[in-house]
1. Of all residues being among the polar types (S, T, N, Q) and within 24 Å of the chain's Cα centre (by Cα) in segment B:109-150, which is farthest from residue B:87 (Cα to Cα)? Just the residue, please.
2. Which one of the conditions (1) within 14 Å of chain A (Cβ to nearest Cβ); (2) surrounded by fewer than 17 Cβ atoms within 10 Å (Cβ to Cβ); (3) of a type outside the set (A, V, I, L, M) does residue B:465 fail to meet, given that it meets all the rest?
3. Among residues belonging to segment B:16-64 that are in contact (Cβ under 8 Å) with a residue 40 or more places away in the chain and among the acidic types (Asp, Glu), point out the one that is farthest from residue B:111 (Cα to Cα).
4. Within segment B:478-534, count every residue that is assigned to a helix (DSSP H, G or I), farther than 20 Å from residue B:259 by Cα and of a type outside the set (Phe, Trp, Tyr).
5. For the structure I just gave you, tell me whether residue B:284 is modelled with pLDDT of 95 or more and within 8 Å of chain A (Cβ to nearest Cβ).
6. In segment B:124-148, which residues are surrounded by fewer than 23 Cβ atoms within 10 Å (Cβ to Cβ) and away from chain A (no Cβ under 14 Å)?
7. Hey, which of the helices (runs of 4 or more DSSP H) in segment B:245-361, taking only ones fully inside, have at least 1 residues that are hydroxyl-bearing (Ser, Thr, Tyr), in contact (Cβ under 8 Å) with a residue 12 or more places away in the chain and crowded, with 18+ Cβ neighbours inside 10 Å?
8. Take residue B:121 and tell me if it is under 28 Å from residue B:505 (Cβ atoms) and of a type outside the set (D, E, K, R).
Amino acid sequence: MDIPRYERLWLGIGIGTLILFLFITGFMGFSMGLHPTDGMKKTVEPEKVTQSPPFDHPGLRRIGPDEYVLTSVSYVFGYDPMEVTVPAGAKVHFRATSRDVVHGLYIPGTTVNMMVEPGHITEQTFTFNKPGEYLVLCHEYCGSGHHLMQGRIFVTGE
Amino acid sequence: MAKTANETGETLAKHRYDERDRRLILAHVGVSVTALLIGAVAGLLQVVERAGWIRLPGGINYYQMLTLHGVLLALVFTTFFIFGYLYAGLARTLDGALVSASRKWAWIGYGMMTFGTLLAAAHILTHEATVLYTFYPPLQAAPGFYIGLALLVVGSWLASAVVIINYMQWRRRNKGESSPLFAYMGLVTVILWLHASLYVAIEVVVQLIPWSLGWVDRVNVALSRTLFWWFGHALVYFWLLPAYIYWYVNIPQIIGGKIFSSSLPRLTFLLLLLFSIPVGFHHQLSDPGIESFWKFLQVTLTMAVVVPTLMTAFAILATFEMAGRDKGAKGLFGWVKKLPWKDVRFFTPFMAMVIFIAGGAGGVIMASYQLNQLVHNTWFITGHFHMTLASTVGLTYFAALYWMIPILRHRKLTPGINRLGIIQTVIWTIGMLLMSVTMHVVGLMGAPRRSSFSTYGGHEIVSSWMPYLQLISVGGILLFVAILLAVYLFIHLWFLAPKTDRPADFPIGVVSEKASQPPRILERWSVWVGLSVVLSIIAYAVPLADMLLNPAPGALPLRPW
């Protein structure tokens, strides 16, 4: 197969860029721990999830100075808890599941972007540095009230 | 048997479609255009509702329209067009007509696909299947919706078999020869489709139909999403490959040039086959239940499609430049002026290519392992696939219909229609820039996709989206006008354009005399199908085994609409 000289040059630059790109992305992921949202833990049957730990007591729990775990249950069409308040600089470990269909837990303006699936626990960590009222919304279609499904995280100043 | 035109550089002899092929192809085109029109109406209703301009009347629901829009445009418009176009190109390049015995199967496939479409559409319209076109369980539609989709897929398998039969029969009649480029590319398209659609068929037939009939209580959610996207990403390449066929094979003839290589386009298609299927996890980067390692591996495989994409960009531009220089163009860019800008058969797919550059860049962002976190399930995604699918693929299909319909109806593509087709493309491009670019921007600002109008309790970040929503609606209305114009042109070409005894020819480019014979390995299918399967196994075996052997508790059905 005869590949013209200019095409070899063109492909060489392209493939070189691609390898560099993948190397940087992979380095960020595996050396710096910057992976997308995930979570390998599982729950009991989704409809019973609110009867067994940890989702029998959804809410915010302080685990250290400026560090919290937010245990969240999604349902049609809301979150439990609906609202939480943390101080600025709080590092929040999200731990979310659904007791019915697939939902999303998304906070516009941040990198908090999680798929919340029945039977699974999705985990992500985010530090809220800027005070304000953060909107939490569902970004996976879950039924006729999908666009009404929301919550709030209030981040208070020093 | 004479050597094929593709090999010798001769133009194909004047061709006239067999009456039976003509009817078969037109039947596919008819369903495709009907789906386009209805899907566009659903799109219009959605886009003006989302901006808060109207409330949908008569109990129509935003999500119902979204389901209809997705199913009709992404699955029906595309699939029927693709098989109509492939049959037309095969009949043209494989000795002038489809194999007689294969036509019966083509009609049975057509019947199954049409019946499946009607069944699924009826359930959407009666509000029994408001699950969007991705139908993620445990949202549960009525069984008829899933059965309709299964018939659509199985019907498309028969259609794929017709493509394979025609290819194999030709190879048998022409021992030792490389197949014509169109047939080769059509074959790769259906191999990709058969491999990928197997997974969605397993999801629908094994998981969802028994569950929707109440035979089993629970559904494995992670497994269903994985099977869907194993198919779902290859689906977009199933739409794109026929557009590439147009660019590689039809356009050189339209612009009076030649295909500069017979080998590289084949290699491009093989690479697209290999790297479009084992990559579905990049749609699930934010999902729980999949180890990061496997997500990253599939990101790597996803990005490998950069290689055949760059090869295509090179080949297309090289063909343009060579055509211009053959016509006496001077200087570095003189050839640009020699291109037939006023010919809708060239101008429309050219705009499709230009938009694909932006669409492709957005795609790289989305599939980037970390950056996806900023855009996942926002309007950025919707903006992306309205550039790539709706514009790159859609405009190329429109362009093909502008010449296919008159050829098959023995009519003329008049200068007046040609001009209106160019105007259609201009309106489309302006509407798409307004809509899709704005969707990208407002997606980065946090606006979610697939959501009905909502102020989210008057939150300030939502207020900041509102001006953009108005622009998106204006763009959406322009796109609707463009589709109405396109459909008017299709109807005009079908029934009203002047009749002729000598319709134009289906344009098939010839390969440059300087190009060498393609290596035989490119046509050894056991190798390529085998590699495709092996890549799928490498990418999926371990995470899939984990989902099957160590599953999360299943979910019960719900119908929250």
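1. Taking the candidates together, the pick is B:130.
2. All conditions are met except number (2).
3. Once the filter is applied, the top-ranked residue is B:49.
4. First pass over segment B:478-534, keeping only residues assigned to a helix (DSSP H, G or I): B:478-496, B:520-523, B:525-534.
Filter once more, so that each one left must be farther than 20 Å from residue B:259 by Cα: B:478-496, B:521, B:525-534.
Within this subset, residues satisfying the condition of being of a type outside the set (Phe, Trp, Tyr) are B:478-479, B:481-487, B:489, B:491-493, B:496, B:521, B:526-527, B:529-534.
Qualifying residue count, segment B:478-534: 23.
5. yes
6. B:125, B:126, B:142, B:143, B:144, B:147
7. Working: elements: B:251-254, B:264-275, B:292-303, B:306-326, B:334-337.
Fully inside segment B:245-361 and qualifying: B:264-275, B:292-303, B:306-326.
8. It is false that residue B:121 is under 28 Å from residue B:505 (Cβ atoms) and of a type outside the set (D, E, K, R).
The values are calculated or read from the model by the stated rules, or taken from the named source; none is laboratory data. All values reported here derive from a predicted model rather than from experimental measurement. Please note: Cβ atoms are built from the backbone with ideal geometry, for glycine as well, and neighbour counts cover all protein chains shown.
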